[in-house]
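The numbers here are math on the coordinates, done by the rules we state, and not lab data. Since the model is a prediction, treat every value here as computed from it, not as a measurement. Don't worry about glycine lacking a Cβ; one is built from the backbone with ideal geometry, like all the others, and counts go over all protein chains shown.
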Amino acid sequence: MSKSNTIFSLVFRSFPISPSRNTFVARTIRRRTFTSSYSATADDMTVDIPTTDDKSGTTPTQTAWSSKMIAWQAHSYNTVDDLVLTSNARSPTMVEANEVLVRVKASSVNPLDVLMAEGFGQVLLGTIRQAQKMSLHKPVEFPLTLGRDFCGEIIAKGVKVKSFNVGDVVMGVVPPFQQGCHSEFVAVPAGLVAKKPDHLTNEEAAGLLYTGMTAWSALKLFGGLYVMKATNKNVLVIGGSGGVGNCAIQLLKHWGAKVTTTCDSTAINLVKSLGPDNIIDYTAKDAKQQLEEHGKYDIILDAAGISYNKIGSYTPLLKEWSYAAFITLRSPILHNTDSYGFVGGMFKNAIDLLIPNILSGAVFKGSTIRWGTFIPVECGVKELAKLAEEKKILIPLEKTFKFIDLKDAYKRVQEGHLRGKVVITFDKPSMDKARLTN
Ligand SMILES: NC(=O)c1ccc[n+]([C@@H]2O[C@H](COP(=O)([O-])OP(=O)(O)OC[C@H]3O[C@@H](n4cnc5c(N)ncnc54)[C@H](OP(=O)(O)O)[C@@H]3O)[C@@H](O)[C@H]2O)c1
């Protein structure tokens, strides 16, 4: 067996996966307590051990899957400085037949990672985790691994996974209520991964799917473009310079919409490369007038996270009586449930959705203010992957950080004013160094 091609797979006795090569039985892994008809225990698992590194040298020398892995984790909700690097994190296991286990090669950092490290979303995400486990008890949140999108190599797959093979290099996305991917391994449903296009680097591929799926779901699901044709729709993307804005512009142009976007003067060259019809420097004195000149809009997507009380200044730019929508990605849902608990938060959410719609006058002109959010769905992942394969979507990267310097990457995202994605590469020296930590 060629060393460079060596891969390893997991085999449950009651969960046959792919043919194994060198095998050993992993004895210590504990399965997640919730789920499924698969009753395999740690002692039922057989794992192929890779005998070598890949040619790129980006993977660590000790690549065998084991019950312990390297990860950056939060042990409490605090600051980014309190994230802890460990080589003793519990490795994920597949618990459904449609899952894949991936050894991560690169991952991006999103504003959500920084917010979640500080406790954002703990009530709602905790409630979803609890519902998944069908438990009356609050699930254990810590240690919490962050990280929502990644590129890596499939090292094991469930029996129902037909479109991927062990050894495939894929890009993928992890729902926020699951353990993330700023770790050596991650387990996700196969529907949330896609083969990495050959022309993309691991880092570029790692930066696509979280912001891509956020833009996709905001426009298609919340903006109604799943049912209505986007052709000739007039769309304003506020914040074309960030990750979500980059993807939104390119998706909309591909779907045939007319796109106006806003960004700072320093981002104009980057944004121009994505192909919008009009770019407006939002710091210019006549920015409002320019926005009006290119309006009125069928959809306004806020991909800049503008403050909630500024939405009212944009709603007059929406077309009247044509289902036009202002979509904000800064919904107060998670904040409200964190502040008022699940029931109180849901009540507050209803008020927070209703009041701006009334006060802005949007509903009286047949338009609406809507909350958009990241929804990971297979057809969206497939569409984004196809566009990436066809070189119809670019993933501008601002900076790549080494795995060992993950906190610096988080701090860069925290500073804001991003011009593309911040990505972490799981480089060999970092991983070797991380292995020496507890
Ligand atoms: N609800 C969800 O599920 C979800 C998912 C993903 C993201 N989000 C939210 O969506 C927003 C965008 O996410 P992202 O990952 O794309 O963030 P990002 O990469 O930080 O991009 C934000 C961009 O907006 C620009 N910007 C800031 N204020 C602006 C303004 N007034 N007008 C125009 N551009 C402005 C920023 O650059 P300058 O400041 O230099 O202009 C930056 O380039 C964030 O608020 C994020 O929290 C929500």
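Just how large is the dipole of the range 223-371 about the Cα centre, in debye to the nearest 20, putting +1 at every Lys and Arg Cβ and -1 at every Asp and Glu Cβ?
On the way: 14 positive and 11 negative charges, 54 e Å.
It comes to approximately 260 debye.
What do the square roots of 5 times the Cα gyration tensor eigenvalues come to for the range 341-438, in whole Å, largest first, as semi-axes of the equivalent ellipsoid?
Details: eigenvalues 300, 96, 45 Å².
One finds semi-axes of 39, 22, 15 Å for the range 341-438.
Give me Met134, Met346 sorted ascending by neighbouring Cβ count inside 10 Å, so fewest comes first.
Sorted ascending by nearby Cβ count, the order is Met134, Met346.
Does anything in the range 291-328 have its amide N under 19 Å from the 7 Å Cα→Cβ label point of Thr231, and if so which residues?
Zone members listed by number: 298-299.
Can you tell me the dipole magnitude for the range 305-383 around its Cα centre, using point charges on the Cβ only (Lys, Arg +1; Asp, Glu -1), in Debye to the nearest 20?
Working: 7 positive and 5 negative charges, 40 e Å.
The dipole magnitude comes to about 200 debye.
So how far, in whole Å, is the C-alpha centre of the range 260-283 from the one of the range 340-418?
Answer, in whole Å: 19.
Quick one: if you stick a label point 7 Å off each Cα along the C-beta vector at Ile128 and Asn269, how many nm between them?
Rounded to a tenth, the inter-label distance reads 3.9 nm.
Which value in nm describes the separation of the simple spin-label points at Thr79 and Lys386, placed 7 Å from the Cα toward the beta carbon?
4.7 nm
Which of Asn246, Tyr323, Leu301 sits closest to the plus end of the dipole of the range 223-371, meaning its Cα is farthest towards the positive end, when Lys and Arg get +1 and Asp and Glu get -1 on the C-beta?
About the Cα centre, the residue reaching furthest to the positive side is Tyr323.
Over 18 Å between C-alpha atoms is what I'm after, so list which of Lys229/Lys253; Lys272/Lys310; Lys196/Lys433; Lys196/Lys391; Lys229/Lys288 land there. List each step's numbers first, then the result.
Values: Lys229/Lys253 12 Å; Lys272/Lys310 26 Å; Lys196/Lys433 27 Å; Lys196/Lys391 12 Å; Lys229/Lys288 28 Å.
Beyond 18 Å between Cα atoms: Lys272/Lys310; Lys196/Lys433; Lys229/Lys288.
Taking neighbour counts of Cβ atoms within 10 Å as a proxy for exposure, in what order, fewest first, do Ile128, Ile311 appear? Don't jump to the answer; show the numbers that get you there.
On the way: Ile128 16, Ile311 20.
Ranked by crowding around the Cβ, least crowded first: Ile128, Ile311.
Which value, in debye to the nearest 20, describes the size of the charge dipole of the range 68-184 about its Cα centre when Lys and Arg Cβ atoms bear +1, Asp and Glu Cβ atoms bear -1, and nothing else is charged? Don't skip to the answer; put the middle values down first.
On the way: 11 positive and 11 negative charges, 96 e Å.
Value, rounded to 20: 460 debye.
How long is the gain from Ser66 to Lys310 if the chain were fully straight, where each residue apart is worth 0.36 nm and the alpha carbon distance is subtracted?
82.8 nm
So how far, in whole Å, is the C-alpha centre of the range 67-125 from the one of the range 172-192?
Computed from Cα coordinates, the inter-centre distance equals 9 Å.
Could you work out Rg/(2.2 N^0.38 Å) for the range 223-371, with Rg from alpha carbons only? Numbers along the way, then the final one.
Values: Rg = 15.6 Å, N = 149, 2.2 N^0.38 = 14.7 Å.
Rg over 2.2 N^0.38 Å, computed on Cα atoms: 1.06.
For Thr437, Thr425, Thr214, which order do you get if you count the other beta carbons within 10 Å of each Cβ and list the fewest first? Kindly include the intermediate steps, with their values, before the conclusion.
On the way: Thr437 12, Thr425 20, Thr214 26.
Fewest-to-most Cβ neighbours within 10 Å comes out as Thr437, Thr425, Thr214.
Using alpha carbon coordinates only, what is the Rg to Rh ratio of the range 199-296, with Rh defined as the Kirkwood radius?
Numbers: Rg = 13.6 Å, Rh = 13.9 Å.
Result for the range 199-296 is an Rg/Rh of 0.98.
PRE reach from Lys288 (point 7 Å along Cα→Cβ): which of the range 312-348 fall under 13 Å by backbone N?
Counting only backbone N, you get 312-317.
Please report the spacing between the Cα centers of the range 223-258 and the range 290-338 in Å, no decimals.
Between the Cα centre of the range 223-258 and that of the range 290-338, the gap is 14 Å.
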